[in-house]
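Engineer: Below is one structure. I have some questions about it.
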Amino acid sequence: MREKKGETVLITYATSGIGYELGRLFAMNGYDLILVDADSSDLKKTSSEWMKKYKVHIETFSQNLSNPDAAEHIYEWTMERQIPIHFMINYADFQLSGSFLETELAQELEMIQVHIATFTAITKLFIKQMAERRKGRILQVASTAAFQPRPKLAVFHATNAFILAFGQALDNEMKDYGVRVNTLCAGPELSQVKWSAREEVPTWLSEVPMSAQNIAEFAFRRFLDEQDKPLIIPGMKNRLLARSVQFMPRKMVTKVVKKMDEGKGESGD
């Protein structure tokens, strides 16, 4: 593992899900943190808990990533405090499901703002200072949704596909500058899905839900190692599924995931 003394990690959506669990692991291992989230009370609670327990320095910044100026506000805030960012975790727990004819356009545009516009802007701003130092690492958090289209989750899967392509291209581009970009494509979280449709789908095509804690622990190890593996997919079955669907006819993939989606809808998800 890398030398951590004096290194600061910036984490977005840091008070819930994978963002929270990754933050906890970094704090546990002695890294200083900047936690970003929309809810200032959750930020205060989380930072107080970790500072007391892990004896690390933590600063918080309340910001909603759906704000078109969010990335600039975060960057300017760190620059004013002269805090160099050594690691950045771009995470956003944002999902919207339903028929495209019925979902709200405003919510879809908000998701596009968060997953595409804000992710691009915050990466652009901070990766420049990393390149100047010739050292830095970024984790773009997507999901296995990036590997296939899915009816009734069309925009969510499309924005995740962007995060994956963006991260992989940047990693290749930034190697000469000493900066690495990893992309985490996690399967479904146990707390978010019900699997009543499992019997309708071939077993080998069913994703394996994992807890946010287990996803984060796997991602944390891979993110900090020195191996040239830009893509991080927790769970052997999820890795096999992600790779296998790339060789299947897109029509078949869409049909299968539609069955999975319909089953989850019947279960009340």
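Where a number appears in this text, it was derived from the coordinates with a stated rule and is not lab data. Since the structure is predicted, the reported quantities are computational estimates derived from the model, not experimental observations. Heads up, the Cβs are rebuilt from the backbone with ideal geometry, glycines too, and the neighbour counts pull from every protein chain shown.
Engineer: Please report Rg (one decimal) and Dmax (integer) in Å for the Cα set of the range 78-169.
Structural biologist: Rg, Dmax (Cα atoms, Å): 15.2, 48.
Engineer: Sort 159-167, 39-47 by packing, meaning the average of other beta carbons within 10 Å per residue, with the highest value first.
Structural biologist: My ranking of the peptides, most packed first, is 159-167, 39-47.
Engineer: Continuing with the same structure: Count charges around ASN172 for me, please; just the other residues with Cβ under 11 Å from its Cβ, Lys/Arg as +1, Asp/Glu as -1. Working shown, then result.
Structural biologist: Values: positive: LYS175, ARG180; negative: ASP171, GLU173, ASP176, ASP228.
Summing Lys/Arg as +1 and Asp/Glu as -1 gives -2.
Engineer: Additional query: Arranged from highest to lowest average of other beta-carbon atoms within 10 Å per residue, in what order do the peptides 98-111, 17-30, 224-237 appear? Before the final figure, lay out each step's value.
Structural biologist: Working: 98-111: 12.3, 17-30: 21.4, 224-237: 15.1.
My ranking of the peptides, most packed first, is 17-30, 224-237, 98-111.
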